[in-house]
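Student: Submitted below is the structure of interest, expressed as structure tokens.
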Amino acid sequence: MQVTSFLHQDTETYTHVLADTHNKVCAIIDPVLDYDFKSGHTDTESAQQVADFITEHELKVMYIIETHAHADHLSAAQYLKQQLGGKLVIGKHITKVQRIFKDVFNLDMRFKTDASQFDMLTEEGTTFMLGDIELTVMHVPGHTPADMAYIAMHVSVEKGSEEASSTESDSNSALAIFVGDTLFAPDVGTARCDFPGGDVHQLYHSIQKILSLPDDTQIYLCHDYPPEGRSHSSVTNVAAQKVDNVHVRDGISEAEFVKMRTERDATLDMPRLIIPSVQVNIRAGKMPEPEDNGVRYLKVPLNTLS
């Protein structure tokens with residue numbers, strides 16, 4: 001089992017390629033579409049780096065997995081599916097997020113809230129195979145109602161190597177887990193819970209589920225926001241989180257966490273790209289249909305998101 005992680009510098013997002021190198025199959029987790037907020041232009045340069053890596057290593061894409069509907073970057077899932085194939089995967093509770101934001105953006109009846117934009121829906125306990133890698137799904141709500149983590153377990157041991165354009169690691173501790181935005185590096189902490197549908201109590205219990213995994217479980221992060229003096233890192237482990245996480249290490253009670261997270265969230269600005277990101281990501285990375293002039297538009301709700 002091999003994991004190669006690509007950092008999108010603008011949004012500090014990691015896209016992971018999980019590969020069974022023996023069977024030459026892979027999954028792409030949380031791919032990013034380049035987006036210039038000032039001009040409204042999209043680009044596929046970052047996604048193409050992921051595609052080029054997969055092509056160079058002669059891997060077949062089986063799945064493109066979204067851990068949740070991201071609010072800080074646009075998904076490149078549609079572009080990569082067109083280039084490489086694979087099923088688009090997301091948790092079944094995406095329907096709750098679709099209903100919330102259909103109302104926020106006042107989307108018309110053409111937008112369906114039944115998750116039909118995706119190919120495969122997962123729920124707590126869902127298992128599926130990527131070659132000889134078994135993926136098991138853990139529902140980890142709190143940041144959003146639909147967050148899912150994906151636990152990967154392989155039967156054989158393979159070695160990773162370093163690549164200049166990415167981070168590659170050997171994932172042959174007992175387990176690896178891809179946690180989306182639920183947890184960050186220990187010195188950064190945890191996800192916010194103040195988006196529509198978020199719940200700080202749920203997040204605490206979701207994190208406890210993750211931290212109940214074996215200490216050597218590798219935790220692959222969707223984002224890293226390193227403090228000055230530390231470079232970006234795509235991976236940590238359960239033991240490090242339990243000892244060092246600044247928000248939720250061992251000994252911090254649910255009440256303490258809820259108080260800290262609630263007070264902290266009240267000080268945070270909305271993510272820079274939340275308005276375009278959510279509209280695209282609840283559509284599985286598709287843009288809105290073009291209007292009668294052939295141009296696609298994203299909506300900006302005034303004085304709505306707080």
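Every number in this text was worked out from the coordinates using simple rules, so none of it is lab data. Remember, it's a predicted structure, so these values are computed and weren't measured experimentally. Cβ: placed from backbone, ideal geometry, glycine included. Neighbour counts: every protein chain shown.
Student: Listed highest first by mean packing, meaning other Cβ atoms within 10 Å per residue, what order do 91-102, 291-302, 210-221 come in?
Tutor: So the peptides 91-102, 291-302, 210-221, ranked by packing, come out 91-102, 210-221, 291-302.
Student: Once you list every other residue whose beta carbon is under 10 Å from the beta carbon of Asn23, what net charge do they have if Lys and Arg are +1 and Asp and Glu are -1?
Tutor: Counting the neighbours of Asn23, the net charge comes to 0.
Student: Next question. Work out from phi, with θ = phi - 60° and the Karplus expression 6.51 cos²θ - 1.76 cosθ + 1.60, the ³J(HN,Hα) of each residue of the stretch 275-290, listed in order in whole Hz, and give x for Gly and Pro.
Tutor: Computed from phi, the couplings for the stretch 275-290 are 5, x, 4, 4, 4, 7, 6, 6, 9, 6, x, 7, 7, x, 4, x Hz.
Student: Would you please give the residues with an amide H less than 5 Å from that of Cys222, counting only those at least 5 places away or on a separate chain, with H modeled from the backbone geometry?
Tutor: Val179, Gly180
Student: Can you tell me which of 230-239, 278-287 comes out highest on packing, and rank the rest after it, using the mean Cβ neighbours within 10 Å?
Tutor: 278-287, 230-239
Student: Sticking with this one: If I take the Cα coordinates of the chain and project them onto the principal axes, what are the three extents in Å, biggest first?
Tutor: 55, 49, 39
Student: Please give the peptides 111-120, 73-82, 260-269, 32-41 ranked by average Cβ packing (other Cβ atoms within 10 Å per residue), highest first, as a rough proxy for protection.
Tutor: 73-82, 111-120, 32-41, 260-269
Student: Still on this structure: Under the definition of Cα pairs under 8 Å and six or more residues apart, what whole-number percent is the relative contact order of the chain?
Tutor: 18 percent
Student: Sticking with this structure for a sec: So how far, in whole Å, is the C-alpha centre of the stretch 52-79 from the one of the stretch 253-286?
Tutor: A separation of 22 Å, based on Cα centres.
Student: Rounded to the nearest 500 deg cm²/dmol, what is the calculated helix-only ellipticity per residue at 222 nm for the chain, with -39500 (n - 2.57) per DSSP H run of length n ≥ 4?
Tutor: -6500 deg cm²/dmol
Student: Using all C-alpha to C-alpha distances in the stretch 9-80, build P(r) with 5 Å bins and read off the rounded percent in each one.
Tutor: Spelled out bin by bin, the stretch 9-80 gives 3, 16, 29, 24, 15, 8, 4, 1, 0 percent.
Student: What is the fewest-to-most order of Lys259, Lys60 by other Cβ atoms lying within 10 Å of their Cβ?
Tutor: So the ranking, lowest neighbour count to highest, is Lys259, Lys60.
Student: Continuing with the same structure: Report ³J(HN,Hα) in whole Hz for each residue of the stretch 114-125, in order, from the Karplus equation J = 6.51 cos²θ - 1.76 cosθ + 1.60 where θ = phi - 60°; Gly and Pro get x.
Tutor: So the J values, rounded to whole Hz, are 10, 6, 5, 6, 9, 8, 8, 10, 10, 9, 3, x.
Student: Right, next: Could you derive backbone 3J(HN,Hα) for the stretch 23-34 from the dihedral phi with the Karplus parameters 6.51, -1.76 and 1.60 (θ = phi - 60°), listing whole Hz in sequence and x where the residue is Gly or Pro?
Tutor: Per-residue couplings from phi come out as 8, 6, 10, 8, 10, 9, 10, 6, x, 10, 9, 5 Hz.
Student: A further question on this structure: Assuming 0.36 nm per residue, please report the length gained on full extension of the stretch Asp36 to His22 beyond their Cα-Cα distance.
Tutor: Length gained between Asp36 and His22: 1.2 nm.
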